[in-house]
Structures are given as structure tokens and as C-alpha cells.
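Heads up, the thing below is written out as C-alpha cells.
Every read-out reported here was derived from the displayed coordinates using simple, explicitly stated rules and does not represent laboratory data. These numbers were taken from a predicted model, which means no experiment stands behind them. A quick note on method: Cβ atoms are made from the backbone with ideal geometry, for glycine too, and the neighbour counts reach across all protein chains shown.
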Amino acid sequence: MAPEIKIGSMAEPTTPLPLTASRADQIFPRLNSAQIERVATHGRTRAVRSGEVLVEQGDRAIPFFVVISGELEAVRPTSATETLISIFSAGQFTGEINTLSGRRAMARIRARQDGEVIQLDRESLLALVQTDAELSEILMRAFILRRVELLAQGIGDATLLGSSHSADTLRIKEFFTRNGHPYTYIDLERDADVQGILDHFHVSVAETPVVICRGETVLRNPTNRDIANCLGFNEAVDETRVRDLVVVGAGPAGLAAAVYGASEGLDVLLLETYSPGGQAGSSSRIENYLGFPAGISGNELAGRAYTQAQKFGAQMLLTTGTGLTCDRKPYLVELEDGTRIPARRSLSLLGPNTASCRLKTCPALMVPVFITAQLLLRRSYAAAKKSLWSAVEIPRARLLYFWPRAQSTCTYSSEVLALLTQCRNTSFVESNKPLTSAC
């Protein structure tokens, strides 16, 4: 059981949540005096009083704190209790992935004792991790591992009530997982206290699945977009700022473009409909990705790449791009809600789900549409058709078809070959073998 107290009670929890991993020294490292001095050059030193709330759950633009003296605590507030997550003493620091991304705080940060801290805003923290290699390694590892712990223990700012037999419950669970967002799951069939929770929020079983955001807002059978809006996934993004580069599609190629662009100092914005990673993010195992000889899951690969992009200041909007206006500069990338994002450059990396993002691009622009042999070998005809017919509708789209050296064309059915040859107004780039219908 997690230690709990009633809000307003004088009692204090003294034991934080136990870690599921045996890497406490990496999850909660302690900086030495030289490292603390380097952090101090990026922020300001301030005094704190016992009981002072430094960050409230749901706050935007979360500050980063290094404890010089005294103690801070991270707690998860609910309607009647608090769960103590962690305690930070001298030399330790607060923060996790949301501190980098600018999304809302998932926990309350409060001073347990009078003391002194170094405070950095998000921009100063990003500058620190981009310029100090030693501190960057320490902070980034801690942020990533803390998020892993929150995911493993189901500690976050969202609660999902649903049935494991419900398709919508499974959809919402996948949305949280693919976006790497911690949440608490309460099973209608297994949890004993579920009726009390339903009564408290005036929800009937027929209205489930239900998502409760920060213990306040109740969403009944919400769409993925409803959840993203409630938790503020897109609020950290200034949609009026002119971006150096807008990348449409956050699959592996889009994430790589974001990392490379942002690391060179470009102001990069990613647009993705569902979650970072694209179709690759749903793969249980990827064995042929460079640098991972033992293989890696698609979701883990996407999470690492997205965190790396955030380290360099790239941001992501969960939305769908619908058009590109390029009769003037800056270009305007149109979104599904009518918003227009100004951009000096736009890169569309749409992958096999191109049909979900029908950009009306400028005639002078090229949009790569990738069709792989793996997609066809799995007989994913529907996905292939979406890509092909979307390519037909995009002026001067370029179809990139990768044909493996060892694969015979006879593996593909005549239906697939006919499908490929139906693509008009595109260029084929065949890696090894000519496209034939010898079978």
C-alpha cells in the first residue's frame, strides 16, 4: 500500500513509494559541489519554507529544482488523500520527462523543510542539457528512468475506469501506452472499491470507460483527442510562432528529422495524429534498426527518439495536417481544427498511413510515400492502397518502393503487382529488381 495522508492533516508520510528497479542511484542521483555550481550558473538560488508548494499538479512550464539544503517532496494529490512519490534531499533534483516537454506537471512539489534550492525554468534547463555533456547524461537518465517508474507503478494524473473486455478501454490504454503517459487503471470486474469511485464521480457502469483527469474532470468514453486536450498534451505548443521546420508525421523518419533539425538549432514542430513512432511504434520487436543488435520494441524506440527530440527543444502536436499553403512565406501548415502553423520549411514523412493526412501540397514540393516489401508480404493490401491512392492525389508525390535483394517477385500476388502499377503521377525508385508480373 502507498503511504497516504488526508489533505489538511498534520500527519506526514515518511516513506516514498518503493522502486520497482534496483537503480536508485541513477533514478535519484546526488550531484557533487562542482556540478551544483554549474547548474547554478543557469538559474537562481532561492529560499523555501516548510509546506511551501513550488509546483502544483497541472501547472504548466514546470520549474526544475536542485536542493542545496532542506528537503522537497513529490506527492500525487487526489480528492481526499496524497500519495508520497519521492523525497529529494541536498544534492538531488526534481523533474522528469514533462519538465523537458513543457507539458503539465503530474505531481505536486512541496518543501518538507526550510531550505535553499536552485531554480531553473524550462528554457534554462534545455540549455543546460544541450551544452553540459556530463550533467546531460545524469539528468536525462534520471528523467527517463523516473518516467519508467511512474509507468510501471501506474502513478500519473489520469485514472482509467473500464473493463478489460471493452474495445474502447483497450483503445484508451493503448493511447496512454503509446504516448508514454502514466495512468492508473481500475478494472470494473476486479477492483473492490470501483463502485465507490463510480458513485463519487456520479458515473454509471454503462458510461464506462471513463477517464478522470487530475481527479477533477470526468470524460465518459472519450476519444483520444478528448484525452489529449484534457491532459494538455498540446497546450505547451505556441501555434502562432513561426517555426524553422514543421515535420508532418512522427514515425522513425519524422523523429530522426526532428532530432537532427533541433540539434542544429532549428525550431522544430512535429505533427502526429495518434502517437510518436507511427506504425513502427506498434511493433512488438524491431530487429533491424541500426544500433540495437539485440532488437528493441517499436514503442521503446519511439519513446527514446521522442525524448531525444525533446532534449533539443523539439515539440509535438497531436493533430492531423490537412493542407499546406505556399503562395507566400512563411508557409502555412493547415490543421484539422482550422489552425494554421507558420513555417519556413515543411517536411512530410507520412509513411503507409498517408491517407489519414491528405496534404494539399505545393506543386514544387516532393512528398515521399514509402511502400516496403514487408508491408506487402504481410498482405496489408488496405494499408498499401491507402498509401498508393494518397500518392495519386498529391501533386508530384514520389513513391519510394524498396525491393529486397533476396526476395523473388513471385512472392507477391498478381493483385499486389497490379496495385503497385496503378499508381499514377509518381516516380518509382526500385532498389534492386524491376517491377514485373512474371507470376
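One Cα centroid belongs to segment 220-275, the other to segment 184-201; the line between them spans 34 Å.
From largest to smallest, what semi-axes in whole angstrom does segment 158-230 give when each is the square root of 5 times an eigenvalue of its alpha carbon gyration tensor?
Ellipsoid half-lengths, sorted descending, are 18, 13, 11 Å.
In segment 4-152, a dipole from Cβ-located charges (positive for Lys and Arg, negative for Asp and Glu) runs towards its positive end, and of 124, 90, 152 it is 152 whose Cα lies farthest in that direction.
If you put +1 on each Lys and Arg Cβ and -1 on each Asp and Glu Cβ, how big is the dipole of segment 13-169 around its Cα centre, in Debye rounded to 20?
Working: 17 positive and 19 negative charges, 18 e Å.
With Lys and Arg at +1 and Asp and Glu at -1, about 80 debye.
Report the gain in length on full extension from residue 292 to residue 229: 0.36 nm times residue separation, minus Cα-Cα distance, nm rounded to one decimal. Could the numbers behind the result be given before it?
Working: separation 63, 0.36 × 63 = 22.68 nm, distance 3.46 nm.
My answer for the length gained is 19.2 nm.
Sort 252-262, 326-336, 116-126 by packing, meaning the average of other beta carbons within 10 Å per residue, with the highest value first. Let's see the in-between values first.
On the way: 252-262: 22.2, 326-336: 15.6, 116-126: 18.6.
Result, highest mean first: 252-262, 116-126, 326-336.
By the count of neighbouring beta-carbon atoms within 10 Å, fewest first, 341, 87 end up ordered 87, 341.
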